[in-house]
Structures are given as structure tokens and as C-alpha cells.
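These notes are about the structure you will find just below.
The values are calculated or read from the model by the stated rules, or taken from the named source; none is laboratory data. No experiment lies behind these values; they were computed from the predicted model shown. Neighbour counts are summed over all protein chains in view; Cβ atoms, including those assigned to glycine, are modelled from backbone coordinates with ideal geometry. The area values use the complete protein model at the heavy-atom level, side chains included, leaving out ligands, DNA and RNA. Shrake-Rupley method; radii C 1.70, N 1.55, O 1.52, S 1.80 Å.
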Amino acid sequence: MSVFVNSAGTPIYPSGWVYNGIQYPNRIFSEWQDTQLASIGIYRVVFTEVEIPAGKRVAHYTYEIEGDIAKATPVFEDIPVVVPETVSKAQGKAALLQAGYLDAVEAYINSLESTDKILALIAFNDTTEWRRDSPFLSQAAVSLGMSEEQLDNLFLLAESIIL
């Protein structure tokens, strides 16, 4: 399937092209040569293969008219990072180990008293998943001096771990 733009570089669609007051039939898009199309302000788009940089995606294209065709140039944007809402307990512990926080978290839990310690041990050892919005998790992170960004990065690391 071919893509076409007008002389201003705006994408157009084969639905009856009007040029200088004349409406052309849709079949010109498939039957006419590039030179004929260019004579009425229609340019077939040529896409060249471009390597997409890591962490980027194509947001849209800009078009430059060159002779009887239009060359498409991609415009990239960052791929948004989505922090997972949950990770498995095993992934979470593995991420803490890899990031060097496991001993500090265990020491924090052991420093708690009574009901808080029991609830922390349940959260740490008995849940099947760890939730990013967990009040215990937020409290532990603050106590360990971790920022929200560091906590997000731990969840991203945990999500990437396959056990």
C-alpha cells in the first residue's frame, strides 16, 4: 500500500483529489506514474529503512519533496517507562539482592516491634506478590532513605527477573 502527500507534505488519502478545481478519480493513485501525480501536487512517499534507537519509537514522519517523490524521515520519541503495579515476591527479593538492599530490608524488619514486625514479616515472606502501592513498602523505603524513583527502579528490575 502506498502513502501519498501533497506539496505541503500533508498526508492525503485517495478519495478524489481536487487540484485547480478539477476532481481526479481515485484510480489515479494506482494507475498514474510518479511524474503524472507530481504534476497535480501528489507525491508518493518513499520510506528508507532507519534504525530505531534503543528506548525510542517512531512518533510521526516529516516529508521532503525530492523531484517526483516525497522522502519520509521519522521523528522519534521516548518509549514511556511503565512501572509495574505488582511483582512476585521472588522477583522482589531477587531485585533487592541484586541492588544490594536485601540485608538492609531484613535488618529494618527485625528492628520493628510487636504487631508491626509480624505484619512486616507476613508482607515480606507470605504474600505471593508485592504491590507498588503497598503502605508497608512505602514506609520501608522511606526508612531506608530510598526515593520514589529508586523504588520504581527496583520494581522495573524485579519485573525483568525471570526465575
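Straight-line cross-link partners of residue 56 among the lysines, defined as a Cα under 26 Å from its Cα and at least 8 positions apart when in the same chain: 71. Normalised by the residues of segment 45-86, what does the relative contact order come to in percent, with Cα pairs under 8 Å and at least six apart? Across segment 45-86, relative contact order equals 42 percent.
Taking the 1.4 Å solvent-accessible surface of segment 81-128 as the whole, the part contributed by carbon and sulfur is 56%. The mean accessible area for residues of the chain, using a 1.4 Å probe and ignoring ligands and nucleic acids, is 65 Å² per residue. In segment 60-104, taking the dipole from charged Cβ atoms about the Cα centre, the farthest positive-side position among 65, 79, 98 is held by 98.
Could you work out the local net charge near residue 11, counting Lys and Arg as +1, Asp and Glu as -1, over the other residues with Cβ closer than 15 Å to its Cβ? Before the final figure, lay out each step's value.
Details: positive: 44, 71; negative: 64.
After counting each charged neighbour, the total is +1.
Determine the dipole magnitude for the chain: charges of +1 sit on the beta-carbon of Lys and Arg, -1 on that of Asp and Glu, nothing else is charged, the reference point is the Cα centre, and the result goes in debye to the nearest 20. Numbers along the way, then the final one.
Details: 10 positive and 21 negative charges, 84 e Å.
So the magnitude is around 400 debye.
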